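Following: one structure in structure tokens, then a few remarks.
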Amino acid sequence: MNKKINLAVASAALVLGASAANAGIVIPAGEWTMDINGNVNAYASTHSADDTAVITGGTAAVKDINGESDSQGINTGLLPSWLGFTGTTRQNDLDVSFTISFQPNASDNSLTGDSKTPLNRQAFLTFGDKSWGTVKMGKDLGIFAADAILNDMTLLGVGSSAITGSQKSGGSTSLGGIGTGYIYPAWKGQVAYTTPNMNGFQATIGITNPNGSTLGGAAYQDSFGFEGKASYDFAAGDAKGKVWVSGAAYDVTTAQVNAAAATTTSIVYSIVTALSGVGATHSGEVTVIHTTAEAIAAVASVSYDATVADIGANINLGNFGLTGYYYGGEGVGTTFFGANGATAAGLERDSDGGYVQATFVIPSGTKLGASYGVSKLDLASGEATSALVEENKRWTVGAYHPLTKHLNLVAEYNKIEAESHNNLKAESDSFSLGAILFF
């Protein structure tokens, strides 16, 4: 199989090992070798919400506007269904490749069931040589926190599946452990350099596009983001594993908001009424004032730094696996990179979190796993207490059974808790059954 395998297959191989390691359809095409790969997955999930409190940035599901606590859905999991095309060739002493992929969902809520727009998460090229490294240019998974999500066992399942409201059929991908243990690395335009593999050690550094809407609502950005990571793969007897560190730094400039007065419209209605018993009529006019837009207060543009670093390790000894991860930063928020990372005045909020995960493969080949993750967000210095999330927590237990070399059956239970700085609480439970097929 091509060394530059698709992210979906690579991540699954990290979690499941041999059950996904032989995925990919390799086709020689002249000077090129084409690798067609990906997965199809779907999960039937039930959700039960205990509370109605909506917490800003909370990941627990809540009751809907009718007070219903339970909901069901058939959706893709944390990993979307995937179809990827990778072409590789050797030209002028360079290894050259391209990758393009798209990711459809399992269902949608439209009347005809065909309105869901596919995702397009990858479009990049690479060139390099094993003697000096590889350059990547284009859209791919961000560098910071990539290993956190690739080692999350819920990548083959669902994990947390709602931000606000109960998850409905037709939703997009679930959250997995995003926001309850790590920040989503997101899919970013990037120019990155990766060193050769030096006896297990490898490093990557790159400039990236800021994903502007979460980074302070910026309308533009006057500088690139910087992301990097270093990792070491090791093996000793029956033990093998990986240790990594990564980080990111962004200079955020928010968009200025100009003040605007409320907009009003006068509409004159003509009224004609009959006078009872005399056969006459009376006419008149009524003027009604409609407010069509509320006043907008001015908000000045501000700048602040968003910086974060992490450390993680994954160790496998025989049938037993253990993963530990921790991150901490300023101005990066929680769940999605930059979300709720600073106040409107540009005061940075501190955040940190992590997860621990243990797995064990029983004689039938089924991988059993348990995971606990937490993400915390502090108020900025002097900031008033609010319904902003203070902590999101997740407990997951799952079973991942390789029915065939490429097909895995999945059962998962997740419990999510969210708590705000003003002591609002929300709890929800979910149970999912489904399957994921790699090719």
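Here the spin labels are modelled as points 7 Å beyond Cα on the Cα-Cβ line, and at Ala239 and Thr33 they lie 3.4 nm apart.
How compact is the range 21-153 by the rule of thumb for globular proteins, expressed as Cα Rg over 2.2 N^0.38 Å? Write down the numbers at each step before the final one.
Working: Rg = 20.4 Å, N = 133, 2.2 N^0.38 = 14.1 Å.
Expressed relative to 2.2 N^0.38 Å, the Cα Rg reads 1.44.
Over the range 288-414, the alpha carbon radius of gyration divided by the compact-protein estimate 2.2 N^0.38 Å works out to 1.57. Label-to-label distance, Arg90 versus Ile315, with points set 7 angstrom from Cα along the beta-carbon direction: 3.9 nm.
The listed peptides 407-417, 319-329, 179-189, ordered by packing as a protection proxy, come out as 179-189, 407-417, 319-329 (highest mean of other Cβ atoms within 10 Å first).
Throughout, read-outs are computed from the coordinates displayed, never taken from laboratory work. Owing to the predicted nature of the structure, the values given are computational and were not obtained by experimental measurement. Don't worry about glycine lacking a Cβ; one is built from the backbone with ideal geometry, like all the others, and counts go over all protein chains shown.
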